[in-house]
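The values are calculated or read from the model by the stated rules, or taken from the named source; none is laboratory data. As the structure is a prediction and not an experimental result, all values here were calculated from the model. Ideal geometry is used to build each Cβ from the backbone, glycine not excepted, and the neighbour counts take in all protein chains shown.
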Amino acid sequence: MRIYLDNAATTPLDPAVLKAMLPYLETYFGNPSSIHTQGREARTAVENARKTIAKLLKCSPSEIFFTSGATEADNTALIGSVFSLGVKHIITSPIEHHAVLHTAEWLQKKGFAEMHLLRLDEMGRVDLTHLESLLQQYKGALVSLMHGNNEIGNMTDIAKVSVLCKQYGGFFHSDTVQTIGLYPIDLQKLEIDFIVGSAHKFHGPKGVGFIYINAKNKIEAFVHGGAQERNMRGGTENVSGIVGLAKALEMAYAEMDEKRLKIGSLKRLLAHRLIQTIPNILFNGDCMNEEQSLCHVLSISTSKHEGNEMLLFNLDIEKISISGGSACTSGASAGSHVLNEIGIDPDRGAIRFSMSKYSTEEEIERTVQVLARLFQ
């Protein structure tokens, strides 16, 4: 049996999602831009999916745009804000996903906007007082802060951030990739300009996501060459993927409370067993704060040990899949920018566990037992 505890990187496709997608791979294969029957069938599927997502998030279908995933959506929000909304300053944190940080750095390098990094406390929490100060100083700035950090699990109070942005005339974009499908987001109550989602984070297919763009903001197309997505993104739509995205999100909302309780219970069990079994571990960031961290992410640092460099490889041999940080930087020699920013000793081993609705107590126990043996 293989144990998979890397769900912050990607989740397994739910069989019900695959079932919903198959007809649009086999039977309803038309191009949504075509006017014949097959094209209209595909177009209907895309628009029904858009309506489903909008209903769940409590926004207008016209505010939902499909993308290839959250990285494209994040790029669209930042670049669109600069070129279409007149944004000259981007306020973000040093532990954002690279889809945000690298895009902001590129905009600054090219002279289109200036990037400002927020202070963090020792747990990696964003200093909202500093944010307010920067918003006062840079009118009309774009604030980009993720809802839940993919590596250490810290959650940002995006409702508070949105109030600050509105108070000082700023725009607010949040990478909500890790929270969509696990936490309710009500866009009628939340004053926000952009959020993003990626289907494969909530048991949907890879290669498809969306961006919510508040109707008050008019930004130019990010991908040119076609009139798809109401002239916002050229290219033939990924019909089966979009259908799968909507089905996965619909299922996630239907089982959200139950799933969050189950996964949170597994996280507590894992933390408890690690404390009992593994000597001198530290919990990274604020991941042990149940009220202010993702229910499915637990990040630890192990003591200095000769086996740290081969730890993930040895766990893989034991048929246990976990991450040493962000999956998006796996294989990079620089290591995790998030762990570096919060001062984690690079000589300690770093492990990120991330559970899903398919994870079990037996898998947790087996994982802890193997870790204990590797650290003997």
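Which residue is nearest to Ser354 (Cα to Cα), if the candidates are limited to the range 249-262 and must be out of contact with any Leu (no Cβ under 8 Å at 6 or more places or on another chain) and in a helix (DSSP H, G or I)?
The qualifying residue nearest to Ser354 (Cα to Cα) is Lys262.
Could you give me the residue pairs with C-beta distances under 6 Å whose first residue belongs to the range 282-297 and is buried (at least 23 other Cβ atoms within 10 Å of the Cβ) and of a type in the set (S, T, N, Q), whose second residue is assigned to a strand (DSSP E or B) and modelled with pLDDT under 95 wherever it lies, and which are 6+ apart or on separate chains?
Pairs that qualify, where the first residue is buried (at least 23 other Cβ atoms within 10 Å of the Cβ) and of a type in the set (S, T, N, Q) and the partner is assigned to a strand (DSSP E or B) and modelled with pLDDT under 95, are Asn284/Ser301.
In the range 310-322, how many residues are touching a residue at least 40 places away in the same chain (Cβ under 8 Å), at negative phi and under 27 Å from the mean Cα position of the chain (by Cα)?
Counting residues in the range 310-322 that are touching a residue at least 40 places away in the same chain (Cβ under 8 Å), at negative phi and under 27 Å from the mean Cα position of the chain (by Cα) gives 5.
Here are Gly204, Gly197: which of them is crowded, with 19+ Cβ neighbours inside 10 Å, assigned to a loop (DSSP other than H, G, I, E, B) and under 14 Å from the mean Cα position of the chain (by Cα)?
Gly204
Look at the range 17-53 and say how many of its residues are closer than 30 Å to Ile192 by Cα and surrounded by fewer than 19 Cβ atoms within 10 Å (Cβ to Cβ).
Qualifying residue count, the range 17-53: 5.
Any chance the range 105-120 includes a residue that's surrounded by fewer than 24 Cβ atoms within 10 Å (Cβ to Cβ), in contact with a Leu (Cβ under 6 Å, 6 or more places away or on another chain), among the polar types (S, T, N, Q) and not assigned by TED's automatic domain parsing to the domain that holds Lys357?
no
Within the range 207-257, track down each residue that is crowded, with 16+ Cβ neighbours inside 10 Å and of a type in the set (Lys, Arg).
Arg233, Lys247
May I ask you to list the residues in the range 132-146 that are free of Cβ contacts under 8 Å to residues at least 40 places away in the same chain and either surrounded by 24 or more Cβ atoms within 10 Å (Cβ to Cβ) or among the charged types (D, E, K, R) (or both)?
Glu132, Lys139
Suppose we keep only residues that are within 20 Å of Ser303 (Cα to Cα) and hydroxyl-bearing (Ser, Thr, Tyr) within the range 329-369. Which one would you say is modelled with the lowest pLDDT?
So, considering only residues that are within 20 Å of Ser303 (Cα to Cα) and hydroxyl-bearing (Ser, Thr, Tyr), the one modelled with the lowest pLDDT is Ser336.
Return the only residue of Ser60, Ser81 being within 21 Å of Ala221 (Cα to Cα), assigned by TED's automatic domain parsing to the domain that holds Gln228, surrounded by fewer than 22 Cβ atoms within 10 Å (Cβ to Cβ) and of a type in the set (Ser, Thr, Tyr).
Answer to the check: Ser60.
Check the range 260-268 and report whether any residue there is of a type in the set (A, V, I, L, M, F, W, C) and under 18 Å from the mean Cα position of the chain (by Cα).
Yes.
Residues of the range 340-360 being charged (D, E, K, R) and either within 25 Å of the chain's Cα centre (by Cα) or within 9 Å of Leu5 (Cβ to Cβ) (or both), which ones?
Within the range 340-360, Glu341, Arg352, Lys357 qualify.
(1) under 25 Å from Ser301 (Cβ atoms); (2) assigned to a loop (DSSP other than H, G, I, E, B): which one isn't true of Gly86, the others all being true?
Among (1) under 25 Å from Ser301 (Cβ atoms); (2) assigned to a loop (DSSP other than H, G, I, E, B), Gly86 violates only (1).
Are any residues in the range 276-315 more than 20 Å from Asp347 (Cα to Cα) and out of contact with any strand residue (DSSP E or B) (no Cβ under 9 Å at 6 or more places or on another chain), and if so, which ones?
Gln276, Thr277, Glu290
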